[in-house]
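This report refers to the structure that appears directly beneath it.
The values are calculated or read from the model by the stated rules, or taken from the named source; none is laboratory data. Just so you know, these numbers come straight off a predicted model, no measurement behind them. A quick note on method: Cβ atoms are made from the backbone with ideal geometry, for glycine too, and the neighbour counts reach across all protein chains shown.
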Amino acid sequence: MKKIRPAAVLLAATALLGAVLVHAGAASNASTTTTSAAAPAWKLTFSQEFNNAAGARPDSTKWNYDLGGEPTWGNEEWQYYTNRPQNVQMDGKGNLVISARKEKLAGMANCQFGTCDITSGRITTRNKFNQKYGKWEARIKVPAGQGLWPAFWMMGNNDDVVDWPGNGEIDVMEIVGNEPSTTYGTAHGPGYSGENGPGGSKTLASGKFADTYHTFTMEWWPSSITWYLDGVKFKSISKGGLPVGKQWVFDHNFYILLNLAVGGTWPGPPNSATKFPANLLIDYVRVYTWA
């Protein structure tokens, strides 16, 4: 997510995301297992099911809020992130809701990009949960609309001493509003970031991602990363597949990020048909290590 990525890039990226899961309120939080060939035995290390009452906030022992607008994010994004319940709260139906809203708050008037009237939410587990390797999964329903940019992703936890992309980034899911049936999974490191990040994409056979919930999974091993959509593998990369002389930086702990961006160099601006509030619904987030 933390990169400049024009809309034309990644069109050659390969495949991600394909079956449909129907949401059934809080009952949807029943265990879901993403399978792969010769699947290892997984041990749960982190779980957020978001089954609290409507209006409840994310667990403060596990989540932080990123705040503010550009130039912090580096993608010419329009939104201003807050820690208000209007932007991040549970809906009482088994979901965490991240809402992008049309509104003006103090501090937004001199924004660098856009109309200076969009708020949203971005939460992370930085310094509260991080892990090296394993399976990282979330079940999500994205909003529809030009200019929207929801993401489930990870950053290397050494970002306080190593600048991006040297700390590493793994995008488990990114969907932009002008490509409503396609999801992207990408890795970023020194010398292979932005449009040059290895990874893949998957386009649904029919419908749009905003139509229903989907499960986005990434399995991370010492020398490889594999992406799945609804339990179906769509792309793998390996340490040996990097360009000659480039460093594999996926060898230390990473933390989780969830956000709903608006505008920016990749999705472009929202238009008159983009509806606000736009809601990103997260049914669960789970992380595993091998048993």
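Can you name the residue in the range 240-280 that is of a type in the set (Phe, Trp, Tyr) and under 16 Å from the mean Cα position of the chain (by Cα) and, of all such residues, is farthest from residue 221 (Cα to Cα)? Can you show your working first?
From the range 240-280, those of a type in the set (Phe, Trp, Tyr) are 248, 250, 254-255, 266, 276; that's our starting set.
After this cut, where a residue has to be under 16 Å from the mean Cα position of the chain (by Cα) as well, the list is 254-255, 266.
Numbers: 254: 13, 255: 16, 266: 29 Å.
My answer is 266.
Which ones in the range 145-176 are of a type in the set (A, V, I, L, M) and assigned to a loop (DSSP other than H, G, I, E, B)?
Step one: filter the range 145-176 for residues of a type in the set (A, V, I, L, M), giving 148, 151, 154-155, 161-162, 170, 172-173, 175-176.
Across the range 145-176, the qualifying residues are 161, 162, 175, 176.
I'd like the full set of residues that are out of contact with any strand residue (DSSP E or B) (no Cβ under 6 Å at 6 or more places or on another chain) and either in a strand (DSSP E or B) or more than 24 Å from residue 269 (Cβ to Cβ) (or both), limited to the range 103-130.
127, 128
Limited to the range 256-270, what total is found for residues that are farther than 14 Å from residue 100 by Cβ and either among the basic types (Lys, Arg) or part of a loop (DSSP other than H, G, I, E, B) (or both)?
3
Is it true that some residue in the range 53-66 is farther than 14 Å from residue 123 by Cα, within 16 Å of the chain's Cα centre (by Cα) and at pLDDT 95 or above? Before the answer, list the steps.
Narrowing the range 53-66 to residues farther than 14 Å from residue 123 by Cα: 53-56.
The next check asks that each one be within 16 Å of the chain's Cα centre (by Cα); those that pass are none.
No: the range 53-66 contains no residue that is farther than 14 Å from residue 123 by Cα, within 16 Å of the chain's Cα centre (by Cα) and at pLDDT 95 or above.
Please go through the range 40-68 and give me each residue that is closer than 28 Å to residue 221 by Cα and outside any loop (DSSP other than H, G, I, E, B), ordered by number.
Result: 42, 43, 44, 45, 46, 47, 48, 64.
Residue by residue through the range 223-245, note down the ones that are over 27 Å from residue 94 (Cα atoms) and either in contact with a helix residue (DSSP H, G or I) (Cβ under 8 Å, 6 or more places away or on another chain) or surrounded by 15 or more Cβ atoms within 10 Å (Cβ to Cβ) (or both). Let's see the steps before the verdict.
The initial filter retains those residues of the range 223-245 that are over 27 Å from residue 94 (Cα atoms), namely 223-226, 234-245.
Passing the criteria: 223, 224, 225, 226, 234, 235, 236, 237, 239, 242.
Residues that are at pLDDT 95 or above, among the polar types (S, T, N, Q) and farther than 26 Å from residue 122 by Cα: does the range 225-232 have at least one? Lay out the reasoning, then the answer.
Just the residues of the range 225-232 that are at pLDDT 95 or above, to begin with: 225-232.
Applying the additional criterion that residues be among the polar types (S, T, N, Q) yields 226.
Next cut, farther than 26 Å from residue 122 by Cα only: none.
No: the range 225-232 contains no residue that is at pLDDT 95 or above, among the polar types (S, T, N, Q) and farther than 26 Å from residue 122 by Cα.
Quick test for you: out of 26, 13, pick the one residue that is of a type in the set (A, V, I, L, M), touching a Pro at 6+ places or on another chain (Cβ under 9 Å) and at pLDDT below 95.
Working: 26 fails: touching a Pro at 6+ places or on another chain (Cβ under 9 Å).
Only one candidate qualifies: 13.
Pick from 210, 261: which is under 22 Å from residue 123 (Cβ atoms), of a type in the set (A, V, I, L, M) and touching an Asp or Glu at 6+ places or on another chain (Cβ under 7 Å)?
261
If I ask for residues that are crowded, with 19+ Cβ neighbours inside 10 Å and among the aliphatic types (A, V, I, L, M), which ones from the range 250-291 would you list?
Passing the criteria: 256, 257, 258, 260, 261, 262, 278, 280, 281, 282, 285, 287.
Take the range 274-291 and flag every residue that is at pLDDT 95 or above, in contact with a Phe, Trp or Tyr (Cβ under 9 Å, 6 or more places away or on another chain) and either more than 16 Å from residue 138 (Cα to Cα) or aliphatic (A, V, I, L, M) (or both). I'd like the intermediate steps shown before the answer.
Going residue by residue through the range 274-291, those that are at pLDDT 95 or above are 274-289.
Next cut, in contact with a Phe, Trp or Tyr (Cβ under 9 Å, 6 or more places away or on another chain) only: 281-289.
Those that are at pLDDT 95 or above, in contact with a Phe, Trp or Tyr (Cβ under 9 Å, 6 or more places away or on another chain) and either more than 16 Å from residue 138 (Cα to Cα) or aliphatic (A, V, I, L, M) (or both): 281, 282, 285, 287.
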